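Working notes, structure below.
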Amino acid sequence: MEKIKKSHSYPKAEIKEPYGNKNIAFAIILNIIITAFEIVGGLFIGSLALISEALHNFSDVGSLSLSWWGEKIKMRGNTTLKTYGYKRAEILIAFFNSLILLAVIAFILIEAVQRLFHPSEIAGTSMIWTAILALVGNGIATYLLEKDAHKNLNMKSAWLHSFQDALFSLGIVIGAILIYYFHWYIIDPVISIVLSVYVLKEVYELIMQTINILMESVPEDVDFEEVKARLLSMSGVKEINDLHIWQTDSNSRFLSAHMEIENMENEKRTDLIVEVQKEMFEYFKINHTTVQMVSVTEAEKLKLNCGHCN
């Protein structure tokens, strides 16, 4: 008997390069230029804020590169081994990028607290022009990435990296002006602390989103009990068991359920399936619905045990 060969190859259908990848590539180039510029400027004038910003920009080069790669790999098709394809790469990379952001913020906070007690003089004029040029570059990168930030968590993490850079650059410009006119050298670490705490909130929310998806939790904007109630309200439905709602990435939502129904003709069963799929998508944006329908008579014959069902 001839053995059946497993096929692990990807579908041959050609998939266009995501448009957002071009923006990420441009943002990577900008971050490399800004990093080199800020390191030289920060060391020359002795600004912690500029050096911290340069280090964050340097981490962004790696993070944005990961996001770029993630957008490419998730476009690969499903295989016999990876039946969901590579869509979850988006979530894994967003989670990893968030951890990098946390590490950078921790470093900046530690250094800034030390500078609070030992502030050093900084050349305000040089700091202003260095920060302005960095702000322009980070602003352009943030604007380009913002267009795709709402599409998925991977792009949101890339945008968040760039947004933090732009915020730091803006804060440094303001701080440099205060240093130049009032010689408030302590403002340099204070700005670093304030901006780090602000971005920390955004990073926390992103981490919780990625963890919830990796744990296959119910999407945040979906009420589990409301979904169950809507299914039970449909004509002919007697009981809902083993209901599960989850997502693999920002755009793919799944529902599976065991549905006990009244005895009905096949045509009505088909109508009920159509109704379930339509309402789940219309009200909850669930685009992959799988329902096991069992009539009262079938349930008695099968003697189904739903002791484990939710």
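Observations, loosely collected:
- Longest DSSP-loop-exposure-free segment, GluC sites (Glu not before Pro), the chain, at most 16 other Cβ within 10 Å: 15-120
- Residues in the range 127-142 carry Karplus couplings, in order, of 5, 4, 5, 5, 5, 5, 5, 5, 4, 4, x, 5, x, 5, 4, 5 Hz; the curve used is 6.51 cos²θ - 1.76 cosθ + 1.60 with θ = phi - 60°, and Gly or Pro positions show x.
- Scaling the Cα radius of gyration of the chain by the globular reference 2.2 N^0.38 Å produces a ratio of 1.35.
- Efficiency of FRET between I32 and M215 - r from beta-carbon atoms, R0 41 angstrom, step 0.05: 0.70
- Stretch in the chain that is longest and holds no trypsin sites (Lys or Arg not before Pro) that DSSP places in a loop and that have at most 11 other beta carbons within 10 Å: 17-302
- Anisotropy class of the range 104-173 from Cα gyration tensor, a/c 1.5 cut: oblate
- Estimated dipole of the chain in Debye, rounded to 20 [Cβ of Lys and Arg +1, of Asp and Glu -1, Cα centre]: 1000 debye
- Amide H contacts for K238 (H built 1.01 Å from N in the peptide plane; partners 5 or more residues away or on another chain; cut-off under 5 Å): E260, I261, E262.
- The chain, relative contact order [Cα under 8 Å, separation at least 6], %: 16 percent
Rule-based calculations on the coordinates, nothing more; no lab input. Treat the numbers as computed from the prediction; the structure is a model and nothing was measured. For neighbour counting, all protein chains shown are included, and Cβ atoms are generated from backbone atoms with ideal geometry for every residue, glycine included.
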